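As structure tokens, the structure follows; a few thoughts come after it.
The values are calculated or read from the model by the stated rules, or taken from the named source; none is laboratory data. Note that this is a predicted model, so its numbers are computed, not measured. Reconstructed Cβ throughout: ideal geometry from the backbone, glycine too, with neighbour counts over all protein chains shown.
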Amino acid sequence: MDDVMPQGEVCGPDGCEVPGTSAASQAAPAAAAGTRIDIVSDAICPWCYIGKRQLERALAQLEAEGLRFSVHWNPFQLNPDMPKEGRDRTQYRIWKFGSAEKAAALDARITDAAAGVGLAFRTDLMTRTPNTIDAHRLVWFGGQKGVQDAVMEAVFKAYFIQGRDIGDHAVLADCAAEAGLDRAEVTEFLASDFVDREMRAADQAAREAGVSGVPSFFLDGYGLFSGAMPAEQIAAALRRGRSILQERKAAE
């Protein structure tokens with residue numbers, strides 16, 4: 001884009017309080033100019049769930065104006081070196097943020113922000129910080145079945161609302177079933193390593209493209225903004241981005 005919108009709250013490798021940067025996406029351009037939204041996110045990023053709610057509000061505004069978009073979720077690991085089994089959340093966050101008090105303060109701030117968009121975060125129920133590669137694989141699988149957004153919603157809900165370990169295959173199978181997928185098929189898929197390498201490659205590609213904080217939003221592969229922006233600002237960015245891209249296509 002010619003101008004990048006101001007950044008909202010994002011999660012990065014060092015935590016979920018400092019706005020990051022966005023850059024060119026690796027996503028394929030949409031067939032119709034200015035209609036494909038790609039979101040680079042992690043399943044344990046609280047601002048990604050809050051940003052999802054803000055985006056949904058923005059899309060409802062835009063649909064009332066006759067503007068429609070497709071939404072696609074792309075992987076990013078906030079903790080790429082996390083062991084497969086995850087870690088005790090309390091101890092990991094003390095190590096990551098320096099003290100239990102700072103970790104608790106961050107949780108309180110994020111919980112308040114989530115409440116502002118109607119989400120009741122239960123950080124008190126969270127006992128594990130999971131490895132999210134299998135969650136990303138499941139979200140990809142949901143995309144192949146046409147229910148990617150529903151799977152993403154179920155995974156976010158399981159972690160932030162129910163405090164469940166989304167590194168556990170049984171929990172992910174529950175998320176899949178909630179989104180309308182066949183539990184047996186999903187269980188078989190998760191037991192394999194199918195698209196594991198591809199998810200890791202996509203994560204690395206996002207980093208190489210300059211993504212350092214999530215959520216990061218792209219329109220037809222062009223960096224739009226980073227962070228959980230208010231719905232009105234998201235809608236304005238999408239209107240402007242769509243207009244620019246359609247003008248460019250018309251000039252080709």
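Observations, loosely collected:
- The one condition from (1) surrounded by fewer than 18 Cβ atoms within 10 Å (Cβ to Cβ); (2) out of contact with any strand residue (DSSP E or B) (no Cβ under 8 Å at 6 or more places or on another chain); (3) at pLDDT 95 or above that Glu208 does not meet is (3).
- Residue within segment 8-27 that is modelled with pLDDT of 95 or more and either in a helix (DSSP H, G or I) or surrounded by fewer than 16 Cβ atoms within 10 Å (Cβ to Cβ) (or both) present: no
- Considering Val147, Val151, Val155, the condition of being of a type outside the set (S, T, N, Q) and more than 18 Å from Gln77 (Cβ to Cβ) is satisfied by Val147 alone.
- Neighbours by Cβ (under 6 Å, 6+ apart or cross-chain): first from segment 163-189, touching a residue at least 60 places away in the same chain (Cβ under 8 Å) and among the small types (Gly, Ala, Ser); second exposed (fewer than 15 other Cβ atoms within 10 Å of the Cβ) and assigned to a helix (DSSP H, G or I): none
- Count of residues meeting criterion [surrounded by fewer than 16 Cβ atoms within 10 Å (Cβ to Cβ) and either closer than 20 Å to Asp38 by Cβ or in contact with an Asp or Glu (Cβ under 9 Å, 6 or more places away or on another chain) (or both)] in segment 59-71: 5
- Top-ranked residue in segment 179-200 [being outside any loop (DSSP other than H, G, I, E, B) and of a type in the set (D, E, K, R); ranked as surrounded by the most Cβ atoms within 10 Å (Cβ to Cβ)]: Arg200
- Top-ranked residue in segment 155-178 [being surrounded by 24 or more Cβ atoms within 10 Å (Cβ to Cβ) and within 21 Å of Gly51 (Cβ to Cβ); ranked as nearest to the chain's Cα centre (by Cα)]: Phe156
- The set of residues in segment 201-231 that are closer than 14 Å to His72 by Cα, in a loop (DSSP other than H, G, I, E, B) and under 12 Å from the mean Cα position of the chain (by Cα) contains only Pro215.
- The C-beta contact set for segment 192-207 (first residue more than 22 Å from Cys11 (Cβ to Cβ), second residue among the charged types (D, E, K, R) and not in a loop (DSSP other than H, G, I, E, B), distance under 6 angstrom, 6+ apart or interchain) comprises Val195/Arg137.
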